[in-house]
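Structure first, then comments.
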Ligand code: NAI
């Protein structure tokens, strides 16, 4: 080729990275792998091939774990855990740091092996996957070092089962293992069946780093092995993968007292306003949807472009797409590599082929003849209801639609069951920062996309799952508060004991949408005190629950009020309760037959004041991420929280839940203490006189068991908490799988209401949204 021809075509010659070292490492291992259990590799057993998706060549044989393998791995992790925890934060930090150093030392080997196994361009594995994995271990070495001083009340959970997908094999492993180990847990991890090789190389690194045996255990195999881990005697499951499997795991773990975090799918919007720097926005799109062949859970797969620039934008985009180079992942000059496996390639093809709407543009690039390749694709002119606008394709396929106004952009962006990430492009900082809080997403990137760092938590809302990975918030998923809880004891309602019967009907109504409400079914039950009948309360049914949830959903503007205003209202509730404290204390004593009513009322007033104090102080953070910009970790309300309140502490239990929840901008549907409901029905008179807007607090009475399922399965409820003395944990967790709502249930353990645990409630009442904004150089 002449120089002139090179200038004319601007073609790159190939610049392949050598696979020799990685292939030699595979040969050294005998091309066959067992599992890594208790610090050693097991003998390879029956299994399956791991292939290079770019060529179809077999790279190695992997072993399908049996039940005995999983049991052995869990037992090794269990045995190793106390000693690992006992090393202390500083001791664990040294190990994590040693792993980080070795990952750095062998970075090129990891990058090449990753690209061979997964098909991703070497440019990405070399510059993104592997450096970010190292960064995660360095960052969490620091977290281990700081644990005792920064998180003095936290202790590890124990053994964590971790199941990861194939799109970022080593990086997902790092996201799972580093925080778990830092906090003193041990792990059993299963890589995805298509991409287990870097996990096995990592096991080798653990050996080299002198990690105590049993701290990290890696078992290979398919979804059946994942199911075995989920069913095992572990203390936590951390999963990243498809929403369908996430939902099954939610159901399978229900009622077992396990911690669970789910990082699931997405259909993340990429919003381009007409004043955006269009060329930058197009380069951003290349990273949003063609990075890793679009096999990215937070891929900006749904382009929303403002109408006035749509045509120009699409034209430029098509031209850019046509210049993308698709090919050998080990070639440093290619932009798009191979899809992970023929199965995934077929899924992408079938989804695109089934679509008849809009206009499809496949990039005019040449595809290699063999291997799992799919051209970068743009589909314009789709309606929001078209399946491809709603379903995750997990391939290099971008769908596009237009909008006119910022309000419409927000509406379209949020028109999905997911809520993982979102990208906003505009040169107008006011517009960007006006839109960012309105997007239903755990991560928002402004004028950039697909940025990740260990310091900034990652995770979604809605059906994109729950929990965060990275940052301070990621750690809470691997710790629990110190201390042993007592077992739950059921509190039974008093039955009639022949005391005096008041001839006046005193049936306390429920409180829905700021109004008193009769039970839909028309049934009520008597509430007996020690010395006679105290009144009646309505029995809420499914319809009452629905009405209360609708009222709460309708009061969404509460979440947009200021912390200052919410604090004032909470102080006001506290004052008004204080003015009636004797009456409340008598009521509590009459119901419970105890004499601690006055103490309970005092504590409830304190809880209100504490929540009021926090309302304008439980702030987010600004993370100094090592990429041009900062990440604003904003605390947002979870939304509508349904809670079954404590039976034993009829006022304090309700107030301890309600006050922090509404302080953070949530709306609540509270099921009053089942045996002693009258403190709650008296309490709404206090709310009525305290300027609490209608629908922010709704109070139902009746059977917790009857209300649990309708609350936990209602699609407008975002979180369900249960402190009922009837253990409904399993039923709630199972029913919550529908829209993957957040749950906090007592799992047969009593809660200590006398100790102020407001911080825990504040944490459960908020979601962290990380908004990445350009800042500095
Ligand atoms: P998947 O969710 O089936 O696999 C993820 C991991 O879960 C793998 O390690 C797999 O072996 C394991 N697994 C599968 N079934 C399981 C079960 N019943 N119990 C426990 N573990 C189980 O994802 P798959 O089939 O590889 O991809 C299917 C679709 O899922 C993709 O097309 C994509 O849409 C989505 N996906 C989303 C990811 C994300 O990060 N959000 C990652 C991978 C896939």
Filtered residues of the range 176-190 (kept if in contact with a helix residue (DSSP H, G or I) (Cβ under 9 Å, 6 or more places away or on another chain) and within 16 Å of the ligand (Cβ to nearest atom)): 177, 187, 188, 189, 190
Considering the range 215-235 alone, what residues qualify as being more than 8 Å from the ligand (Cβ to nearest atom) and buried (at least 24 other Cβ atoms within 10 Å of the Cβ)? 215, 216, 217, 218, 219, 220, 234
Can we say residue 520 is in a loop (DSSP other than H, G, I, E, B) and more than 40 Å from the chain's Cα centre (by Cα)? no
Here's a check for you: in the range 157-172, which residue that is within 17 Å of the chain's Cα centre (by Cα) and surrounded by 24 or more Cβ atoms within 10 Å (Cβ to Cβ) is farthest from the ligand (Cβ to nearest atom)? 160
Considering only the range 236-243, I want to know if a residue exists there that is at pLDDT 95 or above and more than 10 Å from the ligand (Cβ to nearest atom). yes
Can you spot a residue in the range 322-334 that is closer than 30 Å to residue 436 by Cα and touching a residue at least 12 places away in the same chain (Cβ under 8 Å)? no
Hey, can you tell me all the residues within the range 358-385 that are more than 16 Å from the ligand (Cβ to nearest atom), in a loop (DSSP other than H, G, I, E, B), at pLDDT 95 or above and within 25 Å of residue 243 (Cβ to Cβ)? 358, 376
Identify, by number, the condition in (1) closer than 22 Å to residue 380 by Cα; (2) surrounded by fewer than 24 Cβ atoms within 10 Å (Cβ to Cβ); (3) within 11 Å of the ligand (Cβ to nearest atom) that residue 252 doesn't meet. (1)
Looking at the structure I just gave you, is residue 552 touching a residue at least 40 places away in the same chain (Cβ under 8 Å) and crowded, with 21+ Cβ neighbours inside 10 Å? yes
With the range 598-674 as the region, which strands (runs of 3 or more DSSP E) entirely inside it contain at least 1 residues that are under 30 Å from residue 454 (Cα atoms) and in contact with a strand residue (DSSP E or B) (Cβ under 6 Å, 6 or more places away or on another chain)? 621-623, 630-637, 640-644
Among all residue pairs at least 6 apart or on different chains, which show Cβ distances below 6 Å where the first residue, located in the range 163-174, is closer than 12 Å to residue 263 by Cβ and the second is part of a loop (DSSP other than H, G, I, E, B) and near the ligand (Cβ under 8 Å from one of its atoms)? 164/191; 165/192; 165/241; 167/295; 172/164
Would you confirm whether or not the range 711-724 contains a residue that is touching a residue at least 40 places away in the same chain (Cβ under 8 Å), within 28 Å of residue 250 (Cβ to Cβ), assigned to a helix (DSSP H, G or I) and under 26 Å from the mean Cα position of the chain (by Cα)? yes
Residue under evaluation residue 278, criteria (1) at pLDDT 95 or above; (2) within 28 Å of the chain's Cα centre (by Cα), criterion not met: (2)
If I go through the range 529-545 residue by residue, how many of them are surrounded by fewer than 17 Cβ atoms within 10 Å (Cβ to Cβ) and in contact (Cβ under 8 Å) with a residue 60 or more places away in the chain? 2
So, of the residues in the range 255-266 that are in a loop (DSSP other than H, G, I, E, B) and within 10 Å of the ligand (Cβ to nearest atom), which turns out to be farthest from residue 448 (Cα to Cα)? 264
Residue count, the range 438-477 (criterion: closer than 27 Å to residue 753 by Cβ and touching a strand residue (DSSP E or B) at 6+ places or on another chain (Cβ under 7 Å)): 4
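Take residue 54 and tell me if it is buried (at least 17 other Cβ atoms within 10 Å of the Cβ) and part of a loop (DSSP other than H, G, I, E, B). Before the answer, list the steps.
On the way: buried (at least 17 other Cβ atoms within 10 Å of the Cβ): yes; part of a loop (DSSP other than H, G, I, E, B): yes.
So residue 54 passes the test.
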Can you confirm whether the range 269-281 contains a residue that is crowded, with 24+ Cβ neighbours inside 10 Å, within 21 Å of residue 468 (Cβ to Cβ) and in contact with a strand residue (DSSP E or B) (Cβ under 7 Å, 6 or more places away or on another chain)? yes
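Let's see how each residue does on (1) touching a residue at least 40 places away in the same chain (Cβ under 8 Å); (2) within 16 Å of the ligand (Cβ to nearest atom):
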{"position": "276", "(1), (2)": "yes, no"}
{"position": "283", "(1), (2)": "no, no"}
{"position": "288", "(1), (2)": "yes, yes"}
{"position": "296", "(1), (2)": "yes, yes"}
{"position": "300", "(1), (2)": "yes, yes"}
{"position": "305", "(1), (2)": "yes, no"}
{"position": "310", "(1), (2)": "yes, no"}
{"position": "314", "(1), (2)": "yes, no"}
{"position": "320", "(1), (2)": "no, no"}
Of (1) surrounded by fewer than 23 Cβ atoms within 10 Å (Cβ to Cβ); (2) within 15 Å of the ligand (Cβ to nearest atom); (3) farther than 25 Å from residue 58 by Cβ, residue 193 fails just (3)
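If I filter the range 675-684 down to residues being in contact with a helix residue (DSSP H, G or I) (Cβ under 9 Å, 6 or more places away or on another chain) and outside any loop (DSSP other than H, G, I, E, B), which single residue comes out as nearest to residue 538 (Cα to Cα)? Break it down into steps so the answer makes sense when it comes.
Here is the first cut: in the range 675-684, the ones in contact with a helix residue (DSSP H, G or I) (Cβ under 9 Å, 6 or more places away or on another chain) are 675-680, 682-683.
When the remaining residues are screened for being outside any loop (DSSP other than H, G, I, E, B), the result is 678-680, 682-683.
Numbers: 678: 11, 679: 14, 680: 12, 682: 14, 683: 16 Å.
Filtering the range 675-684 for residues that are in contact with a helix residue (DSSP H, G or I) (Cβ under 9 Å, 6 or more places away or on another chain) and outside any loop (DSSP other than H, G, I, E, B), the one nearest to residue 538 (Cα to Cα) comes out as 678.
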What are the residues in the range 625-643 that are over 23 Å from the mean Cα position of the chain (by Cα) and surrounded by 19 or more Cβ atoms within 10 Å (Cβ to Cβ), if any? 629
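The values are calculated or read from the model by the stated rules, or taken from the named source; none is laboratory data. The model shown is predicted, which means the values in this text are computed figures rather than measured ones. Neighbour counts run over all protein chains shown; Cβ positions are idealised from the backbone, glycine included.
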